[in-house]
1. Using a simple spin-label model with points 7 Å from Cα along the Cα→Cβ vector, what separation in nm is obtained for PHE6 and GLU162?
2. Per residue of the range 30-38, in order, report the coupling 6.51 cos²θ - 1.76 cosθ + 1.60 (Karplus, θ = phi - 60°) as ³J(HN,Hα) in whole Hz, putting x for Gly and Pro.
3. If amide H atoms are built 1.01 Å from N in the plane of the peptide, which residues on other chains or at least 5 residues away come under 5 Å of the amide H of GLU46?
4. Between ASP68 and THR142, what is 0.36 nm times their sequence separation minus the Cα-Cα distance? Round to one decimal in nm.
5. Carbon-plus-sulfur fraction of the accessible area of the chain, 1.4 Å probe, in percent?
6. Report the residue, chosen from GLY63, GLY92, GLY143, that carries the largest GNM mean-square fluctuation when the chain is represented by alpha-carbon nodes joined by springs under 10 Å.
7. As a check on your grasp of the helix formula, calculate [θ] at 222 nm for the chain: sum -39500 (n - 2.57) over DSSP H runs of n ≥ 4, divide by the residue count, round to the nearest 500.
8. Using the alpha-carbon centroid of each, what span in Å lies between the range 57-75 and the range 142-174?
Amino acid sequence: MDLPPFYAGQILLAMPGIGDDNFDHSVIALCAHDDNGALGIDIGTEIQGLGLRELLASFDIDGAQVPDKPVLRGGPVEPRRGFVLHSLDWGGQEMLQVDDHWGLSGSLDILKAIAEGRGPDSYIVALGYAGWGAGQLEQEMTGHGWFLAPPDNRLIFETPTEKRWSAAFAASGIDAAMLVSEGGSA
């Protein structure tokens, strides 16, 4: 399979033994990737004890009418900065459209729209992001760090958080239980 030179719109799956606890079992929706680096949102780890309604309340937004979805740990960079990964049926201030797969928004507009029932049909709310400098992700892709999987909106928006990592591997024909953390030698 020929890999595109940049991977925006793809899913990065952390391989066992990636060597960085920040990314153990990570499922990253890669939202931007170019010569300057890459940015993605980890959609595989929930922040324990934090739901959407509590997050909305911290911004004085009434979230009583929205499902109290978990807030995800989007990555280790800027863990207090919020992002919404969402379907493309909503567009607002500073939305980054990622191919024809999803949008990424980081303004309060989308949180207000969600609370008022006029937001996107499908969305995930996360704090923080995963980031790579120029050439860093490409370097990591040559080692035993990441597996590249195709985008799948059902995986992102419908699969329970704790099942996304193994489900993404399964969609690529791989049984995640059979993966090992170290390579062998002949």
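1. Each label point is offset 7 Å from its Cα along the Cβ direction, giving 3.7 nm.
2. Result, rounded to whole Hz: 7, 9, 8, 7, 8, 4, 8, x, 9.
3. Those qualifying (amide H under 5 Å, at least 5 residues apart or on another chain) are ARG73.
4. On the way: separation 74, 0.36 × 74 = 26.64 nm, distance 3.93 nm.
Net length gain for the segment: 22.7 nm.
5. Values: 4610 of 9710 Å².
Within the chain, the accessible surface is 47 percent carbon and sulfur.
6. GLY143
7. Details: 5 runs with 35 residues, N = 186.
About -4500 deg cm²/dmol.
8. Measuring centre to centre over Cα atoms gives 25 Å.
The values are calculated or read from the model by the stated rules, or taken from the named source; none is laboratory data. Worth saying up front: this structure is predicted, and the values here are computed from it rather than measured. Using ideal geometry, Cβ is built from the backbone for each residue, glycine included, and neighbour counts are taken over all protein chains shown. Just the protein is used for accessible areas: all its heavy atoms, side chains included, with ligands, DNA and RNA removed. Shrake-Rupley method; radii C 1.70, N 1.55, O 1.52, S 1.80 Å.
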